[in-house]
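Let me begin by presenting the structure, written as structure tokens, before commenting on it.
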Ligand code: ATR
């Protein structure tokens, strides 16, 4: 199934891609907002590189129009789409079938339209694949996860599939952390998820080998996340699942503390790659995509 890709410099010499023909299949992303999404770049770059006759478009879908958009996309013969904020949970009841990952996480980020509408979730895969690509030894030992919103669900689901010994789940609203721990209890027989309030002084910074930020705090210029990076072990890895043009405020802070740090760009690419395989049965040229995005950064 895997095709070899033409060299990079050949790609840049291609003429502007034709927007489509009678055989072109439609992919896309539903979001509100959606204009900032890098997914169209990732997918269209990959489709062009592999010479696949699909186009991937961003669709600004308001929450009140989600069902209509879904039906419209289906009627137009679309192959599949990604869902981003705020649609991931809302799509769940409209699916004819859920993948085990989507059912466990309680959210859909990839829809595949065949005879039936199948809801998948590739975020947990993306989180772990990116982590293991850069730091194959991780996760190990104890992990501290900051935030218990929608994004934390995929991270927790992924971590529960690893050998990490404890997952401290710290959230400003402690009740949300407790609710998530209860939600995942059926998949957590050893009760590794330990909900905590986000009280900086009381978190077990010294004990963990991986710190994961799932909050979006700090990205839009708000107050930075309350963290005590100076208390982390020198070999602790800091993983922020959001991404920014020059890393994130947290990854930059971690680097100033001489800690290893990674942002969510790899996760974004790996979750996209899993969706791409589902829709096209081809492997995304991950290394070329990464190089392309880093060049544009
Ligand atoms: P997402 O789907 O991106 O995870 P979300 O469900 O709204 O979005 O969750 C946002 C997360 O960031 C939550 O864990 C939230 O904490 P609360 O549950 O207490 O709201 C966290 N967050 C947002 N603003 C924060 C702040 N100022 N300080 C600490 N945590 C914050």
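Remark: pairs (first residue in segment 133-151, closer than 19 Å to residue 168 by Cβ and modelled with pLDDT of 95 or more; second residue part of a helix (DSSP H, G or I) and within 10 Å of the ligand (Cβ to nearest atom); Cβ separation under 7 Å; 6+ apart in sequence or on different chains) = 145/152; 145/155; 148/176; 148/177; 148/180.
Restricting to segment 199-218, give me the number of residues that are at negative phi and within 23 Å of the chain's Cα centre (by Cα).
Filtering segment 199-218 down to residues at negative phi leaves 199-217.
Pick out the ones that are also within 23 Å of the chain's Cα centre (by Cα) and you get 208-217.
Total meeting the criteria: 10.
Just one of the numbered conditions (1) surrounded by 20 or more Cβ atoms within 10 Å (Cβ to Cβ); (2) out of contact with any strand residue (DSSP E or B) (no Cβ under 7 Å at 6 or more places or on another chain) is not true of residue 208: (2).
From 217, 180, which residue is within 13 Å of the ligand (Cβ to nearest atom), assigned to a helix (DSSP H, G or I) and either out of contact with any strand residue (DSSP E or B) (no Cβ under 6 Å at 6 or more places or on another chain) or free of Cβ contacts under 8 Å to residues at least 24 places away in the same chain (or both)?
On the way: 217 fails: assigned to a helix (DSSP H, G or I).
On inspection, the qualifying residue turns out to be 180.
Among the candidates 146, 169, the residue that is within 28 Å of residue 290 (Cα to Cα) and in the same structural domain as residue 189 (by TED's automatic domain parsing) is uniquely 146.
Across segment 190-205, the qualifying residues are those that are in a loop (DSSP other than H, G, I, E, B), away from the ligand (no atom under 14 Å from the Cβ) and touching a strand residue (DSSP E or B) at 6+ places or on another chain (Cβ under 7 Å), and the one among them that is farthest from residue 171 (Cα to Cα) is 192.
Taking the stated definitions as given, is residue 148 within 11 Å of the ligand (Cβ to nearest atom), assigned to a loop (DSSP other than H, G, I, E, B), within 28 Å of residue 87 (Cβ to Cβ) and touching a strand residue (DSSP E or B) at 6+ places or on another chain (Cβ under 6 Å)? So residue 148 passes the test.
The values are calculated or read from the model by the stated rules, or taken from the named source; none is laboratory data. From a predicted model like this one, the values you see are computed outputs, not experimental measurements. Using ideal geometry, Cβ is built from the backbone for each residue, glycine included, and neighbour counts are taken over all protein chains shown.
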